[in-house]
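Visitor: Questions regarding the structure given below will be posed in turn.
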Amino acid sequence: MGDYRKLWSDLGMDLEKHDKLCAVLPELYSSVYLTQENRPEGMNYFNFVVAEVHGLRIQELDNHKKEGGKVVGTFCVFVPDEIILAAKAISVGLCAGSQFWIEDGEKVMPRNLCPLIKAFMGAKVGGTCPYFNSCDMVIGETTCDGKKKAWEILEDYVPVHVMDLPQMKRSKDIKMWEEEIKTFTGKIEELTGNKVTVESLKEGIRIANAKRKALKRLYDLRKFKPSPISGLDALLISQIAFYDNPVRFTEMLNALCDELDERVKTQKADTRKRIMITGTPMAVPNWKLHSIIESLDAQIVVEETCTGTRYFENEISEEGDTLEDLIKNIADRYMKINCACFTPNDGRIDDLIRYADEYSVDGVIDSNLSFCHTYSVEHGIVDKKLKEKNIPVMHIETDYSSEDSGQIKTRVEAFLEMI
Ligand code: BJ8
């Protein structure tokens, strides 16, 4: 990575603390990722993106801002990127997945809270995330209680706009979500000084749909036996999708899929168990569970999470001549995401049963970040419904620390033997 210290300092970051983070990440990445054998050539681009995660991409954001553009941070797959793209702003996902940020997060948040929330708060409070410090505004949402209340604290550090996400999916809720997207559009127009037009919104939809299509293509390739790409690599690609330039990302992912198309023609079957992960999102650099599972005789072939299928399933229709039409299409697509914040959330169970079949899954691991009540409570239903279909399932509750890694490994080993 080049020298970006001036850039980081101009962003108001704590350079000394940030140096400590920069010392940990490359080591973690090489031990988890670069030790994998027979990785596709196309992963070199994603290696490069990780190597430059606090460098080149931040430089791109800075250049965009110097030309008068705005950067918008998000924490949930319900925030419609299409609107941000239509207003010529850049959207970056800010969910944080490292234990490094927990200590600072706990200075402003209770300890018995989901690590994802403590980590993103810590990244901002400690001044160690250049993405956060590049944001002109961040978008919160009323999903779980922890996030909902975190926005009130975060407002002391950065302008926040909160989208009111319904908790049910009746037609009046979908209508309300449409109204919420309209308010959000006004807010983004005000921030950027750019009007969202039918043309610019159609272009935003096209860019986001193309990214979804490429991710779907990758996941379809994972249905082959064996999958031509590790679960670790697929997870990394999904994580990068949240902050890379979407057009370049789509192009590079399609190039990787071209390579995988060839790979599936020559690979041989193996004995590894095919695992589906479901549950809470895994924000970068949370590779803990994937690296444990794939160090055993198993391959992760699909993630029913927001860093997996929930991010890309269902495209948005471009049909319509007015902003009203397009916003309705956007609301319809987003309300198909099956997050445990909704009640009921039967769509998630249907997805799990369908994916188990489509991806020829041998077993499901329901992975839950500690203190995430919605997903933890929903595990009871996941467990019951999957067992009714004779699909083996296990539950893991964990955080970002490595203290329980040995114990998780033993439990997963036993599960793999059992299936
Ligand atoms: S659509 S999963 S990205 S809310 S922060 S709910 S882990 S306690 S992230 Fe999410 Fe949107 Fe739903 Fe997806 Fe639990 Fe933690 Fe809350 Fe979390």
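The values are calculated or read from the model by the stated rules, or taken from the named source; none is laboratory data. Just so we're clear, the structure is a prediction, and the values are computed from it rather than from any experiment. Neighbour counts run over all protein chains shown; Cβ positions are idealised from the backbone, glycine included. All accessible areas refer to the heavy atoms of the entire protein, side chains included, with ligands and DNA or RNA removed. Shrake-Rupley method; radii C 1.70, N 1.55, O 1.52, S 1.80 Å.
Visitor: Normalised by the number of residues in the chain, what is the relative contact order in percent for Cα pairs under 8 Å and 6+ residues apart? Write out the running numbers ahead of the final one.
Guide: On the way: 641 pairs, mean separation 71.9, N = 419.
Relative contact order comes out at 17 percent.
Visitor: Which listed residue (Ser376, Leu154, Leu25) has the Cα farthest towards the positive end of the charge dipole for the chain, taking +1 on Lys and Arg C-beta and -1 on Asp and Glu C-beta about the Cα centre?
Guide: My answer, from the dipole projection, is Ser376.
Visitor: Here's another thing I want to ask about it. Based on C-alpha coordinates, I'd like the Rg and Dmax of segment 184-279, in Å.
Guide: 17.5, 57
Visitor: Over the chain, with a Gaussian network built from C-alpha contacts below 10 Å, which listed residue (His379, His18, His290) shows the highest mean-square fluctuation?
Guide: Largest GNM mean-square fluctuation: His18.
Visitor: Hey, if you put +1 on the Cβ of every Lys and Arg and -1 on every Asp and Glu Cβ in the chain, which of Ile240, Leu15, Ser360 ends up farthest toward the positive end of that dipole?
Guide: Positive-end residue among those listed: Ser360.
Visitor: Moving on to the next point. For the chain, report the accessible area per residue in Å² (1.4 Å probe, heavy atoms, rounded to an integer). It would help to have the intermediate numbers written out before the result.
Guide: Values: 17350 Å² over 419 residues.
Normalised by residue count, the accessible surface of the chain is 41 Å².
Visitor: Dividing the alpha-carbon Rg of segment 110-164 by 2.2 N^0.38 Å yields what?
Guide: Values: Rg = 10.8 Å, N = 55, 2.2 N^0.38 = 10.1 Å.
Rounded to two decimals, the normalised Rg is 1.07.
Visitor: To one decimal place, what Kirkwood hydrodynamic radius in Å is obtained for the chain from all pairs of distinct Cα atoms?
Guide: On the way: mean 1/r = 0.0456 Å⁻¹.
By the Kirkwood definition, the hydrodynamic radius is 21.9 Å.
Visitor: Using a 1.4 Å probe over the heavy atoms of the protein chains, calculate the carbon and sulfur portion of the accessible area of segment 292-419 as a whole percent.
Guide: On the way: 2630 of 5510 Å².
Ligands and nucleic acids excluded, carbon and sulfur reach 48 percent.
Visitor: Along the charge dipole of the chain, pointing to its positive end and built from +1/-1 on Cβ of Lys, Arg, Asp and Glu, which listed residue (Asn133, Thr410, Cys76) has its Cα farthest out?
Guide: Ranked along the dipole, the leading option is Thr410.
Visitor: Next up: How much accessible surface area, in Å² rounded to 10, belongs to the heavy atoms of Val377 with a 1.4 Å probe?
Guide: 110
Visitor: OK, next. Using alpha carbon centroids, what distance separates segment 222-272 and segment 116-187, in Å?
Guide: Here the two parts' Cα centres lie 31 Å apart.
Visitor: If you plug each phi of segment 30-39 into the Karplus form 6.51 cos²θ - 1.76 cosθ + 1.60 with θ = phi - 60°, what whole-Hz ³J(HN,Hα) values come out, in order, with x for Gly and Pro?
Guide: Residue by residue, segment 30-39 yields 5, 6, 8, 9, 6, 8, 5, 9, 6, 6 Hz.
Visitor: I've got another one for you. Among Gly193, Gly55, Gly406, which one shows the biggest mean-square fluctuation in a GNM of the chain, springs joining Cα atoms closer than 10 Å?
Guide: Taking springs between Cα atoms under 10 Å, the residue moving most is Gly406.
Visitor: Next up: Using unit Cβ charges (K, R positive; D, E negative) and no other charged atoms, how large, in debye to the nearest 20, is the dipole of the chain about its Cα centre? Before the final figure, lay out the partial values.
Guide: Values: 54 positive and 69 negative charges, 86 e Å.
Here the size comes out at about 420 debye.
Visitor: What part of the accessible area of segment 97-146, given as a whole %, is carbon or sulfur when the probe is 1.4 angstrom? Could you put the intermediate results ahead of the total?
Guide: Working: 690 of 1450 Å².
Answer for segment 97-146: carbon and sulfur cover 48 percent of the accessible area.
Visitor: What does the accessible area of Thr35 come to, in Å² to the nearest 10, when a probe of 1.4 Å is used?
Guide: Result for Thr35: roughly 90 Å² accessible.
Visitor: Still on this structure, I have one more. If I compute solvent accessible area with a 1.4 Å probe over the protein chains, what percent of it on segment 1-94 is carbon and sulfur? Please report the intermediate quantities before stating the final value.
Guide: On the way: 2300 of 4370 Å².
The computed percentage sits at 53.
Visitor: Within 9 Å, Cβ to Cβ, of Gly231, how many net charges do the neighbouring residues add up to if Lys/Arg are +1 and Asp/Glu are -1? Before the final figure, lay out each step's value.
Guide: Values: positive: Arg222; negative: Asp233, Glu294, Glu303.
Net local charge, Gly231 excluded: -2.
Visitor: Heavy-atom accessible area of Ile174 with all protein chains present, probe 1.4 Å, nearest 10 Å²?
Guide: Surface accessible to solvent at Ile174 totals approximately 40 Å².
Visitor: Top to bottom by accessible area (1.4 Å), largest first, where do Lys187, Lys268 land? Please list the in-between numbers first.
Guide: On the way: Lys187 65, Lys268 165 Å².
Ranked from most to least accessible, the order is Lys268, Lys187.
Visitor: Something else about it: Once the mean 1/r over all distinct Cα pairs of segment 1-125 is inverted, what Kirkwood radius in angstroms do you read off?
Guide: Working: mean 1/r = 0.0603 Å⁻¹.
For segment 1-125, inverting the mean 1/r across all distinct Cα pairs yields 16.6 Å.
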